[in-house]
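Colleague: I am attaching a structure below and will ask some questions about it afterwards.
Every number here is computed from the coordinates shown, using simple stated rules; none is lab data. Small disclaimer: the values here were computed from a predicted structure and weren't measured. Positions of Cβ are backbone-derived with ideal geometry, glycine not excepted, and every protein chain shown enters the neighbour counts.
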Amino acid sequence: MKYSGYRQALFIFDRIRSSIEALGGTPGDVVRTRTYVTDASYVDAASRAHGEIFHDIRPASTMLVVSGLVDPELLVEIEATAVLPDR
């Protein structure tokens, strides 16, 4: 089943959030995101998903349009860098 760029972005951001929380952090610990989209028409959808996750948190953010990802059904890929508090 192929998901929209928006749904893919939300899925990825949810995995990022879950991973950070598993390490004892929060989305507020994210300091940078990089979003790769395979078509410029997905920029608004990925930006909307980013805003829903990070609304008041303003990590540095870069979005790039790339010619493709490893799997043709992938429309969006996202990297996040978080600085977690010492435990």
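Colleague: Given the conditions (1) of a type outside the set (S, T, N, Q); (2) in a helix (DSSP H, G or I); (3) under 10 Å from the mean Cα position of the chain (by Cα), report the number of the one that Y36 does not fulfil.
Modeller: It is condition (2) that Y36 fails.
Colleague: Residues being without any contact (Cβ under 8 Å) to a residue 12 or more places away in the chain and either in a loop (DSSP other than H, G, I, E, B) or among the aromatic types (F, W, Y) (or both): count how many of those fall in segment 39-68.
Modeller: Residues in segment 39-68 being without any contact (Cβ under 8 Å) to a residue 12 or more places away in the chain and either in a loop (DSSP other than H, G, I, E, B) or among the aromatic types (F, W, Y) (or both): 3 in total.
Colleague: Do we have G28 as in contact (Cβ under 8 Å) with a residue 12 or more places away in the chain, in a loop (DSSP other than H, G, I, E, B), of a type in the set (G, A, S) and out of contact with any Lys or Arg (no Cβ under 8 Å at 6 or more places or on another chain) here?
Modeller: no
Colleague: Output the residues belonging to segment 69-86 that are among the acidic types (D, E), part of a loop (DSSP other than H, G, I, E, B) and closer than 21 Å to S41 by Cβ.
Modeller: D71, E73
Colleague: Only one of L23, L75, L84 is surrounded by 13 or more Cβ atoms within 10 Å (Cβ to Cβ) and in contact (Cβ under 8 Å) with a residue 40 or more places away in the chain; which?
Modeller: L75 is the lone residue from the list that is surrounded by 13 or more Cβ atoms within 10 Å (Cβ to Cβ) and in contact (Cβ under 8 Å) with a residue 40 or more places away in the chain.
Colleague: Now for a different question. Select, from R48, R58, the only residue that is surrounded by 11 or more Cβ atoms within 10 Å (Cβ to Cβ) and of a type in the set (K, R).
Modeller: R48
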